[in-house]
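Novice: Right, I'll just put the structure down here and ask away after.
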Amino acid sequence: MQQIFTSERRTTVDEIYEYLRDEIDNLRLLPGDRISEAEIAAKFGVSRQPVRDAFTRLANLDLLLIRPQRATEVKRFSSREIDKSRFVRAAIESEVLRRAARRFDAAAKSRLDACLARQRTALSMGDYKEFGLLDYEFHQALCEIAGVDFAFEVISTEKAKVDRLCMLGLSKEDRMPQLLEDHEAIAAALAEGDGEAAVKAGMTHLSRLDATIAAIEASNANYFDTTNGD
């Protein structure tokens with residue numbers, strides 16, 4: 001009975017987590033918006049405990065701010081945390097790309113070609129959500145080609161922390177072709193066995209957010225946390 005209960009509870013938590021994550025990622029819940037534990041519990045017809053568990057998972061991704069005796073709210077952006085996240089990604093992805101270049105073979109090329117083909121299809125169909133999933137797929141493939149599949153867990157966690165900024169920046173129509181071009185440049189460098197060229201393309205890929213951050217800080221300063229010395 002205990003295993004059945006645990007399984008059912010995990011499914012409920014996942015459902016609530018995925019719903020709120022989608023609301024946050026797609027900016028239907030904006031930085032600073034308050035979320036009621038009681039209202040979410042009522043919406044899903046559950047007790048407050050699975051809602052708390054889902055909130056905790058989102059807080060661990062820096063997406064919610066949970067404060068005792070105060071309203072839970074969608075976490076505002078922190079310039080320091082953004083810098084930290086991007087620093088971690090740059091360090092890890094640089095090493096991933098260097099290793100991938102050394103291990104790159106026909107099978108790896110075929111895999112990346114297939115990833116890029118799916119991205120082109122999503123782009124042609126204007127399927128922004130699918131393209132977002134394929135973006136993660138591409139970075140996971142790079143980690144596995146490099147022989148460090150465990151690195152993707154860190155990359156995906158750090159990536160999730162700034163995905164909302166992407167939604168606030170360039171239009172989806174402009175961003176997808178740009179990201180696809182970056183991915184193609186990375187794949188081309190790896191196919192040549194040029195790890196440093198792949199790293200350069202990868203760092204250009206990460207730098208796409210610079211102008212977005214500056215623009216959002218200028219136009220929506222209230223989306224940023226100003227209480228922690230940012």
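Novice: Along the charge dipole of the stretch 1-117, which of Ala100, Leu64, Pro31 sits closest to the positive end, that is, farthest toward it, with unit charges on the beta carbon of Lys, Arg, Asp and Glu (+1, +1, -1, -1)?
Specialist: Comparing the listed Cα positions along the dipole, Ala100 ranks first.
Novice: Then there is this: Where the only charges are on Cβ atoms (+1 Lys, Arg; -1 Asp, Glu), what is the dipole of the chain about its Cα centre, to the nearest 20 debye?
Specialist: On the way: 33 positive and 40 negative charges, 109 e Å.
Its charge dipole is roughly 520 debye.
Novice: If you project the alpha carbons of the stretch 1-104 onto the principal axes, what extent comes out on each, in Å, largest first?
Specialist: Dimensions of the stretch 1-104 along the principal axes of its Cα atoms: 52, 38, 24 Å.
Novice: List the lysines whose Cα lies under 25 Å from the Cα of Lys159, skipping any in the same chain that are fewer than 8 positions away.
Specialist: Candidates past the 8-residue exclusion: Lys75, Lys84, Lys109, Lys129, Lys172, Lys200.
Novice: In degrees between 0 and 90, to the nearest 10, how far off the longest principal axis of the chain does helix 106-125 point, with axes built from Cα atoms?
Specialist: Computed tilt is about 60 degrees.
Novice: Quick one: angle between helix 151-168 and the longest Cα principal axis of the chain, in degrees between 0 and 90, rounded to 10, please.
Specialist: 70
Novice: Farthest toward the dipole's positive end in the chain, which of Ala90, Val74, Gly45, given Cβ charges of +1 (Lys, Arg) and -1 (Asp, Glu) about the Cα centre?
Specialist: Gly45
Novice: Compute the long axis of helix 128-145 from its Cα atoms, compare it with the longest principal axis of the Cα atoms of the chain, and write down the angle in degrees, 0 to 90, nearest 10.
Specialist: The answer is roughly 60 degrees.
Novice: Calculate, for Glu184 and Asp33, the FRET efficiency according to 1/(1 + (r/R0)^6) with r their C-beta to C-beta distance and R0 30 Å; round to the nearest 0.05. Display every interim value, and only then the final one.
Specialist: On the way: r = 37 Å, r/R0 = 1.23.
Step by step, r from the Cβ atoms, then E = 0.20.
Since every read-out is calculated from the coordinates, none of them should be taken as a lab result. All figures in this text were calculated on a predicted structure; none of them were measured in a lab. Cβ coordinates were reconstructed from backbone atoms using ideal geometry, including for glycine residues, and neighbour counts include every protein chain displayed.
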